[in-house]
Amino acid sequence: MHFSIFLSARSMDPDDDGTIIGAMTDFALQAEELGFDAVFCPDHHFTGYGPMGCDPFLYHGYLAGQLKRMRFGFSVVTG
């Protein structure tokens, strides 16, 4: 059986984005240490749901450099 996490957060102020991204990254690192297999992110343009939601590919690229064995997925991807 495989388990994954879903990273989603709401940012009410652009000044909070760095803190939120840092917390989500820490959460993903902890999930890998605990044996989770994958991390999923939303793709929410212009809604405030997670600062990474405007470009989940870029954020997953960053996470790929931090995580050793996790796989990555998306809830929805708009093109």
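Can you work out the Karplus-derived ³J(HN,Hα) for every residue in region 17-24? Use 6.51 cos²θ - 1.76 cosθ + 1.60 with θ = phi - 60°, whole Hz, and x for glycine or proline.
Those phi angles translate into 4, x, 5, 5, 4, x, 5, 5 Hz.
Residue-wise, which Karplus ³J(HN,Hα) couplings in Hz belong to region 60-75, taking 6.51 cos²θ - 1.76 cosθ + 1.60, θ = phi - 60°, and x for glycine or proline?
Each residue's phi maps through the Karplus curve to give 5, x, 5, 4, 4, x, 9, 9, 9, 9, 6, 9, 10, x, 10, 6 Hz.
Can you list residues whose amide H is under 5 Å from R71's amide H, if they're 5+ apart or on another chain and H is modeled 1.01 Å from N?
A38, V39
What are the residues whose amide H is under 5 Å from the amide H of R10, where those residues sit 5 or more places off or on another chain and H is modelled from the backbone?
For R10, whose amide H was placed from the backbone, the distant partners under 5 Å are G50.
Only the coordinates and a few stated rules stand behind these numbers; no lab work does. Here the structure is a predicted model, which means the values were calculated and not measured.
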